[in-house]
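One structure below.
The values are calculated or read from the model by the stated rules, or taken from the named source; none is laboratory data. If you're wondering where the values come from, they're calculated on a predicted model, not measured in any experiment. Cβ sites come from the backbone with ideal geometry, for glycine too, and all protein chains shown count toward neighbours.
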Amino acid sequence: MNKEQKRIIRVLLLFSALFISLIVYLTYFEIFEADTIRTSSYNKRPDDNAYVIRGSIYDRNQKELAYSTKNEDKKQTRHYEYGSLYSHIIGYDNDRYGNTGLEKTFASTLTESNIIDDVKNVFFQILDKTGVNKDRLPIKKDSKGNSLVLTIDHELQNYTKNQLDGKKGAIVAMNPQTGDILSMVSFPDFDPNSIGNLLENKENQIDGQLTNKATQGLFPPGSIFKVITATSALENDVNTNFDCDGEITIGGKPIRDYNASAHGNVDLKESLTKSCNVAFAQIGVELGEKTLEKKSESFMINKKIPFDIDVKKSSFSKSNLDKAALAATSMGQGELSVTPLNMALMASAIANDGEMMKPRLVKEIIDSDNNIIKQIEPEILSTVTSPENANNISDMMVSVVGNGTGKKASIRGIQVAGKTGTAETGNDKDGNRKKDHSWFVSFAPADNPGIAVVVFLEHDGGTGGSTASPIARNVLLKYLK
């Protein structure tokens, strides 16, 4: 083999290597990154073609919530029938500003049309270019993309927003046995029909209105976290009987009960019923950081919750906590932050015999002829504890509503399980104490739960028992009655 032949072989090998690299590169993006790129909010390229109208979005009873129309210039307009009511669930789809919510997650699904319609449209494109007499052709009909059927109940969604009544916060209602999200609201919100004007005029924006507090907000949970601490206490051989004088010092820092109330001799049930900080601080220290952290993670804290829209991770500190910090964390303060959705899952897991169901917003995907092309089935996300322990915690939560801090959530003839929470939020930049957050988690009927509800009121200034629990009661009653 002469030098010229060797040189040719080297060049061929180089080009072959480059060609193979290009194929591998394109294949990687086609297989692994296609959906991420296509659904990215930074991708401003319209993903619908001249003949495909973006599919509709319906509630669980087929009430149309979002749909698209086209004008004579083939320009699509997305209509959100109920304005701000679904702004944090459905989100928006905008040629200039991309998309959010379900419009982002299911962008390719909503623009994927029936293959028969696609063939017809290719046929019409060919005929349009032949110059045939168009009057002799059948009427051309635009294809419609696939549509989504949600788990949301529109009437409950509307009622839930009215219950929030302009307060900053979030409410999540779900079926603990299936994971179906029945309603989910966050305030302040926005009208997706005029999202362009809102984003172009930032001076008109309200702080936090583009954030879904139910899934993206991270807040200290306060005493609702005691449900997790109590679950861990049942699973471990720790002391749960204490004499509460209303205050105790742990690690050099004082732990006080609300209004420094002395609860006397309490066991675990009485401690949860009365929301005794003194008892739960000691229980947490005895459990230890790693045990409490592991139990928290079974409730999906520190873990990514798979969902149809973006969810932030709740957080249990990974740093080494001293006794004072661990005591604070055990009763829901300290280095701990959670989303309202995560707390709804926590309550649902207790309601469902210790099985946490994967939350779902989309129930079915249907084509333009209303045929079901995909049905999303219920799925277990995590086993948080045994059925026996879950039932014990449920009994304690019934006592919270019947005899403790959650009495305003009681419903005549229906046994409600719940837990109140009042979370301190520190000081503002001027050193003044900020108003507390109010929480309430609940489910009913306690013996056969059909719905779980979490209410979060941001900087409400009240207590979970006084302001959040009546709202939860109303949402529970609306659904059950």
(request) Check LEU156, LEU110 and return the single one that is surrounded by 22 or more Cβ atoms within 10 Å (Cβ to Cβ), among the hydrophobic types (A, V, I, L, M, F, W, C) and modelled with pLDDT of 95 or more. (result) LEU110
(message) Can you find a residue that is assigned to a strand (DSSP E or B), of a type in the set (Phe, Trp, Tyr) and surrounded by 19 or more Cβ atoms within 10 Å (Cβ to Cβ) anywhere in the range 235-243?
(response) yes
(request) For the range 424-446, indicate whether the set of residues that are part of a loop (DSSP other than H, G, I, E, B) and among the β-branched types (Val, Ile, Thr) is non-empty. (result) yes
(message) List the residue pairs whose Cβ atoms are under 8 Å apart, where the first residue sits in the range 51-72 and is within 14 Å of GLU364 (Cα to Cα), the second is loosely packed, with under 14 Cβ neighbours inside 10 Å and modelled with pLDDT under 95, and the two are 6 or more positions apart or on different chains.
(response) none
(message) Going by what's in this entry, would MET396 be described as assigned to a helix (DSSP H, G or I) and under 22 Å from the mean Cα position of the chain (by Cα)?
(response) no
(request) Just name the residue that is nearest to the chain's Cα centre (by Cα) out of those in the range 319-333 that are in a loop (DSSP other than H, G, I, E, B) and in contact (Cβ under 8 Å) with a residue 24 or more places away in the chain. (result) GLY332
(request) Give me a count of the residues in the range 180-192 that are out of contact with any Asp or Glu (no Cβ under 9 Å at 6 or more places or on another chain) and part of a helix (DSSP H, G or I). (result) 0
(request) Could you list all residues from the range 342-369 that are small (Gly, Ala, Ser) and either at pLDDT 95 or above or surrounded by 22 or more Cβ atoms within 10 Å (Cβ to Cβ) (or both)? (result) ALA344, ALA347, SER348, ALA349, ALA351, GLY354
(message) Please go through the range 372-426 and give me each residue that is basic (Lys, Arg) and either in contact with a helix residue (DSSP H, G or I) (Cβ under 7 Å, 6 or more places away or on another chain) or not assigned by TED's automatic domain parsing to the domain that holds LEU292 (or both), ordered by number.
(response) LYS407, LYS408, LYS419
(message) Within the range 17-31, does at least one residue satisfy the condition of being assigned to a loop (DSSP other than H, G, I, E, B), over 24 Å from the mean Cα position of the chain (by Cα) and at pLDDT 75 or above?
(response) no
(request) Working only within the range 405-429, note down all residues that are surrounded by fewer than 22 Cβ atoms within 10 Å (Cβ to Cβ) and within 17 Å of LYS274 (Cβ to Cβ). (result) LYS407, LYS408, SER410
(request) Only residues that are closer than 22 Å to ASN392 by Cβ and free of Cβ contacts under 8 Å to residues at least 60 places away in the same chain: list them for the range 432-445, please. (result) ALA444, PRO445
(request) Would you mind telling me which numbered condition in (1) surrounded by fewer than 13 Cβ atoms within 10 Å (Cβ to Cβ); (2) in contact with a Ser or Thr (Cβ under 7 Å, 6 or more places away or on another chain); (3) at pLDDT below 85; (4) not aromatic (Phe, Trp, Tyr) ASP48 fails? (result) (1)
(request) Considering each of LYS226, LYS290 in turn, give the residue that is touching a Gly at 6+ places or on another chain (Cβ under 9 Å) and either modelled with pLDDT of 95 or more or not in a helix (DSSP H, G or I) (or both). (result) LYS226
(request) Take the range 265-289 and flag every residue that is surrounded by 24 or more Cβ atoms within 10 Å (Cβ to Cβ), among the β-branched types (Val, Ile, Thr) and farther than 21 Å from GLY406 by Cα. (result) ILE283
(request) Look at GLU297 and say whether it is surrounded by fewer than 21 Cβ atoms within 10 Å (Cβ to Cβ), within 30 Å of SER410 (Cβ to Cβ) and in the same structural domain as GLY461 (by TED's automatic domain parsing). (result) no
(message) Cβ-Cβ distance below 7 Å, separation of 6 or more or different chains: which pairs start in the range 162-177 with a residue that is part of a loop (DSSP other than H, G, I, E, B) and charged (D, E, K, R) and end on one that is crowded, with 20+ Cβ neighbours inside 10 Å and at pLDDT below 95?
(response) LYS167/ASP460
(request) Kindly establish whether ALA327 is closer than 14 Å to VAL227 by Cβ and crowded, with 24+ Cβ neighbours inside 10 Å. (result) no
(message) For the range 438-462, give me each residue that is at pLDDT below 95 and touching a strand residue (DSSP E or B) at 6+ places or on another chain (Cβ under 6 Å).
(response) ASP460, GLY462
(message) Condition check: out of contact with any Cys (no Cβ under 9 Å at 6 or more places or on another chain) and at pLDDT below 95. Does LYS303 satisfy that?
(response) no
(request) Would you please name the residue that is modelled with the highest pLDDT, looking only at residues in the range 306-318 that are surrounded by fewer than 23 Cβ atoms within 10 Å (Cβ to Cβ) and over 14 Å from the mean Cα position of the chain (by Cα)? (result) SER315
